[in-house]
Structure formats: structure tokens, C-alpha cells
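Below is one structure, written out as C-alpha cells; comments come after it.
A short reminder: the numbers here are calculations on the coordinates, not readings from a lab. Just so you know, these numbers come straight off a predicted model, no measurement behind them. All Cβ positions, even for glycine, are placed from backbone atoms using ideal geometry, and neighbour counts span all protein chains on display.
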């Protein structure tokens, strides 16, 4: 069977499990919360809450269940809630119009396009997203094998890893249940598909509570909103300029500057951060719409949502905390002493629920200084950071233009809304006021702060706290227009630019090569094809306790190990500190193991190096210097598995 069809079958098998275990339990939660008068569970609200509550409430509870009782207890909980809410979910599916089924089908195809391997004539072609899928799949595999706390899948060490993994618990359950046909990549992809379904439901609830939906144009608003979820900014313009300037295509236009990704790309690439965004706004919704419920119940529901946000993305919560605090102060000034303690109490609940995760992060991350650093966000592909007042001023002067390009039609929509849209009506609602607070606070934070741990995940992800208001405001403005958009050249051009940029990015996952940032993807398709086969042989034929090590200097994250096997490694690559391992320890182990793949060495030295890293076998490929120098494995290597481009040697067989 071709790997393409194998991956497609795995995703097809994982998808109904993701719907059953991630989305349908939300309908059971919606029934319970409606009976407790925390939410209004009728009409379209019933569908939206049902789709949203599973992904934003259950992960925090799942983390505790799996830690203390294992995946079996989590499965019982999810199936029980699914059974309780199954009738509501079935009723929802019956009345969904055909055009929405078409949108769901599009979401599934987009998920497959972003995650499934293509193979042809002994060559494997991966999605550009594998630069992060290797992390996603490795975390899913580690959780399915070892449970919670998370074991570091990139660097073998004792103790927990320091990472936010709540999003991966549900796909780990799917992989744990159906490992024979659903690998960790397929389970992750199916969870991404479920997130694509839940995210618009959250947007509709926020829009409704913020009074952004015109009363006479609800259907139009929904259609416009779904269309906007498929758009990007004006990134096509700098992408084309760089093509003409440097003669190279960019597979991902968001890499022309500091990342600002929009809905489709963000969910397919980083669904855990987007789930955290959903959880933050869901928590605010639960607090602001449940006035009829008792204060403890609202605080409990909101607290679990905020705990899920923290467990899915620390960076989103770092950005959301000041926005929520300012929102609370505004509400207190507006409402006096009435109805103001729900948010602080929910914060206490979130903190208590998150204590085990906080302990894991503290224990699992090596000391590395403050997580945030001062920053003036640069514009453009050359990330020259300003170091003085005059450079800061120069960067700030061009930054509004950079934001205009990256927000694109959403910048125009936000400006139109704030000048002449439904601002007065929206500002009169608590959620409308939250949107008005969230956008400027997020922009201020990501402009002057960056995460100092490896990448600028804070600046790339927390900006969604400004993107979400801009998206909803744009949908409100466009849905309120009486004349067709085609009669407005400005709006038509802006929407067309956003659509073409999004299509470019989706095509670039497969078709644009080389490009600026990830040229190592698909650089050796024949070797990747054979590596996938080698890892399948290892999983079938070698004890799970044996560590089979690849060349940690072969490329960033040397991706095949995490994509095609749940087996741990001694060290992934030089960036293996991602989950909290100490940088000196990572570099020391890379230096210890890399010579094995660079030069021939006596069996005694090879055994000594392997024993120092607790390695039981090695995967040598045609990409490694040792193979290239000898036109194959050297004479001292005994291959228990051999193909045209790979060799697996187990040390217990080596004399």
C-alpha cells in the first residue's frame, strides 16, 4: 500500500473518533450547564455550545484524570458525556444545511492536505508543516505510551518535561485506543479537524454576546464569517516583492516578517495555541452569560476553561491575563460591586486545577532566565533587532505599515467598525468591552515583548488576542452592508488579496520549493521514504525499550523519528531543549553521538558512546556523512534492516 493511502486511511479512522471523543461530549456538558443555568442552550446556541465546550473544558479535567487514573478513566468520562449529549448532537447533525456539510468537507480535505504524506516511485513528499508536526506527533506518542506527566520525547531524561500539552491528551487517547490503524500523526490531524469545527462556533457565540450580528442579517453574517476564516492578510504583496528581488518563492507567506497567521493556517499549524484562544474567550462567555447561575458554578466553569487555556498555551495566557484584568476593572467601574467576583474566583479555580501542571513545568525546565524580554517588533525578513532609541523610533515608525500588511482586510474592517460600525451597541455588552480591551492590549504586548525561550512564540501566538476582535469586527461590517461587495473596488481587492494569499500558503505546503525558511523539508525524499519504512520495521521487530538513535546533526529536529515512530530517542537534534532540557546537556549529547554518523570507528568506541547515551541501535541513512563517504554502510556496520537508503544496526548484534 502506498503511504499516501495508509495516511488517508488513518485519518479517516481517526476523524469519527475525534468527533465522538472531542466534540460530542460537549453536547453533554452543554445539557448539564444549561440545567445549572450557566448557559442558554436553545436554538443555534445549542449547537455552538455543544461544539465548543468539549475542547475548552475537558482538557483540564482530562489532565487530572489521566495523571491519577489513566486513559481508561478519561475514556469512560468522554463516552458518558457523549451518551448524555448524543441526542442533541444527532439533532444538530440532522438540521445542518448542505452548504455547511460542504464547509465541513472542505475542513477535512484541508486537514488531509496539511498532514498526509504523498509518495511516488520510492520518494516521500511531506507537508511543510512537518517542521512542527514532528513535535505534535512526538508529544501525542509520548502521552499515549507513558501517560502524564509528559516524558520528554526529544531528550531522554528522568522526570517530567516542562511543556504545555493539554491539547494533545485527546489525540493521545485516540492513538491509545486505535494504535493499530491510527498513528500519532493521524490522531493529531483528526484533533486539528475537530478544532476547525469548534473554532467558528466560538466566534459565533462571541459575536452574538458582543452584539456584532445584525438582527436582519444573521445568515449573511455566518457566511461572511466562515469566508473570512479562509483568508489571510496582504502577505502576498511582500511575498511577490521578495520573489522579484531574490528570485526565490516563499512556501509560507507568513514568514516574510514576524508571524501573524490567520484562522485556517493557524489551526492546521498550531491548533494547541488556537484552542487556548478558544478557551480564554469561552471562559469569559461562561462568566458573562450565566448571571442566572450561582457564583460558584460560574467560577468553576470559567476556571476550568482558563485552566485549559494555560495547559494548551502558556503564551496565550500570558497575553490574556492583563487583558482580562483590565476588562474586570472596566466591568467593576461600570457595574459597581454587583456581579464582579466571578472572574477573580475563576482565576483561583484555574490556579488550583493547574497546580500539577505548574509543578511539572517548574521541575521539567532547566533554568534559562526570564521567559519574556524587551523587544521592538521588526518588520520584514531581516530580523535586525533595535538596540538604541533612534533604532527603536525607526522600527516603530514602520510598524503600523507592517501591521496593516499582516492584518490586511481585517485591519480595514476593524478601522471601519471603530469609525462607523456597531461600536455603540457592542460596547454596551461585557463581551464587546472585552474585545475592545483585548485588541490594544495584545498589540501593545507583542510589539514590545518577545519570548526568550528559543522562538518568539509569545509574539506569534498572543497576537491572536487582537486578531480575533479584528476578524469579528470585519465580519460585522461586511454583513451590515446592503450593497454587494463586488460594487466596492477597495473591499473586493482586499478580500481577493486575502484569499489569494491563503491559497498560496495552502499550495505552498506541497508545491513551492525552495523557499526561505524550511528548505530542508523534502530535500531528500528517497531517504525519507526509506526512513519511514525503517521505523515501521523497528516498531514491529525491536523491543520498545530499545532506543534507536538517528543522526542528531542531520537537520532541524531530524524529523522522521517523531513522525513515524513513538519510540524515544536519546536526543532529537541541537534544538532538543524545546521541552525544557538544559542546553549544555543537549549539546553534550549531540557531540557524543554525532561522530558515529560522521566517521568509521572501532566497535569498542561505538559501544562506549552508545552506552553513555543509553542507545541500543542506530539508523544510518544515505544523507549521513558516514554513508556518503563509503557509498553505503561501512564494513563495521551489520544491518538488521537494510534498504537502498537506510540501515538499522542493533548493538546487541554487533560484536
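Observations, loosely collected:
- Counting every pair of alpha carbons in the stretch 239-363, the share spaced more than 17 Å apart comes to 65 percent.
- Entry note, the chain: the mean residue ellipticity at 222 nm calculated from DSSP H runs of n ≥ 4, each adding -39500 (n - 2.57), is -20000 deg cm²/dmol after division by the residues and rounding to the nearest 500.
- Pairwise FRET efficiency - residue 601 versus residue 351, Cβ, R0 = 51 Å, nearest 0.05: 0.45
- Between helix 130-146 and the chain: long-axis angle, C-alpha atoms, 0 to 90°, nearest 10: 80
- Packing around the peptides 426-434, 101-109, 170-178, taken as the average count of other Cβ atoms within 10 Å per residue, puts them in this order, highest first: 170-178, 426-434, 101-109.
- Between the stretch 413-462 and the stretch 533-605, the Cα center-to-center distance that results, in Å: 42
- In terms of its alpha-carbon gyration tensor, the stretch 297-407 comes out oblate; a/c meets the 1.5 threshold, while b/c is at least as large as a/b.
- Sequence of 250, 454 once ranked by neighbouring C-beta atoms within 10 Å, starting from the fewest: 454, 250
- Hydrodynamic radius (Kirkwood) for the stretch 589-655, which is based on Cα pairs only, to one decimal in Å: 11.9
- Cα-Cα P(r), the stretch 11-138, percent of pairs per 5 Å interval: 2, 9, 15, 18, 17, 14, 11, 7, 4, 1, 1, 0
- The alpha carbon convex hull volume per residue for the stretch 525-653 rounds to 98 Å³.
- Sorted by Cβ density within 10 Å, fewest first, the residues 273, 550: 273, 550
- Spherically averaged projected area in nm², based on the convex hull that wraps the Cα atoms of the stretch 418-478: 4.5
- Percentage relative contact order, the stretch 525-653, counting C-alpha pairs under 8 Å, at least six apart: 28
- Helix axis angle, 98-115 relative to the chain longest principal axis, alpha carbon, degrees: 30
- Global geometry of the stretch 96-253, whether rounded, prolate or oblate, following the gyration tensor of its Cα atoms and the 1.5 cut on a/c: oblate
- Residue order, fewest to most surrounding Cβ atoms within 10 angstrom, among 42, 406, 608: 42, 608, 406
- For the chain, the normalised intensity computed at q = 0.08, 0.09 Å⁻¹ comes to -0.59, -0.75 (log10 of I(q)/I(0), Debye sum over alpha carbons, equal scatterers, no solvent).
- In the stretch 400-541, one over the average inverse separation of all distinct C-alpha pairs is 18.6 Å, which is the Kirkwood hydrodynamic radius.
- Degrees between helix 44-68 axis and first principal axis of the chain (Cα, 0 to 90, nearest 10): 40
- Here the contact order of the chain, divided by its residue count and restricted to Cα pairs under 8 Å and six or more residues apart, works out to 18 percent.
- Spatially, the stretch 14-75 and the stretch 179-243 are offset by 20 Å when compared through their Cα centroids.
- Note on the stretch 186-282: semi-axes of the ellipsoid equivalent to its C-alpha gyration tensor, largest first and rounded to whole Å, are 29, 19, 11.
- Gyration tensor (alpha-carbon) shape descriptor, the stretch 524-570, a/c threshold 1.5: oblate
- For the stretch 218-273, convex hull of alpha carbons as volume per residue, Å³: 93
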